Amino acid sequence: MATTKGRIKAISVSKEKGTQKTNVLRAELKADFGIIGDAHSGNWHRQVSLLALESIDKMIAKGAKVAPGNFAENITTEGLDLCALEIGSILKAGADVELEITQFGKKCHSNCEIFEQIGDCIMPREGVFARVVKAGAINVGDLIEVMTNEN
């Protein structure tokens, strides 16, 4: 059975699209918007991106010199099987935040630096996108868990 609970390992934001994200200890999320202060926030279906630390570890094992945030993900999870989720699944993050899964993977604009390093990138296959259903704050170390896993 897929794991349905994990922890927020890292939170990453950037002021401009196409720039390296910076790791932060805490973030405020606004409903139907995303992470306040992140360039990818807005009224669309990819307000927040998530990637599992386990996916990043696969890339490290292939020789990539990467860390949480390097794949432009907003939330790096640990212990939660993101790939087992379905579109419409609801995640609870921290005390209040609720995220609805809206998309799996995305085509990279071009070969990113990680792809250039080792000829592969995990984000297009294992990255997950969500919209913020319920606002609140999240912190590194907070619990993140599946509330529903159905369409």
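Values in this text are rule-based calculations from the coordinates and carry no lab data. Treat the numbers as computed from the prediction; the structure is a model and nothing was measured. We place every Cβ from the backbone using ideal geometry, glycine too, and count neighbours over all the protein chains shown.
Of 38, 142, the sequence from fewest to most neighbouring Cβ atoms within 10 angstrom is 142, 38.
Ranking 90, 70, 56 by Cα position along the charge dipole of the chain, where only Lys, Arg, Asp and Glu carry charges on their C-beta atoms, puts 70 farthest toward the positive end.
Under the criterion of Cα pairs below 8 Å and six or more residues apart, the relative contact order for the chain equals 34 percent.
Please report the net charge: other residues with Cβ closer than 10 Å to the Cβ of residue 14, K and R +1, D and E -1. Summing Lys and Arg as +1 and Asp and Glu as -1 gives +1. Below 14 angstrom from the Cβ of residue 102, what's the summed charge of the other residues (Lys, Arg +1; Asp, Glu -1)? Here the count lands on -1. Over the chain, DSSP H runs of length four or greater, each weighted -39,500 (n - 2.57), average out per residue to a 222 nm ellipticity of -3000 deg cm²/dmol. With a cut-off of 10 Å between beta carbons, the residues surrounding residue 31 carry a summed charge of +1, where Lys and Arg count +1 and Asp and Glu -1. Simple point charges give the picture: +1 on the Cβ of Lys and Arg, -1 on the Cβ of Asp and Glu, and for the chain a dipole about the Cα centre of about 280 debye. Farthest toward the positive end of the dipole of the chain, out of 101, 27, 132, is the Cα of 27, where the dipole comes from beta carbon charges about the Cα centre.
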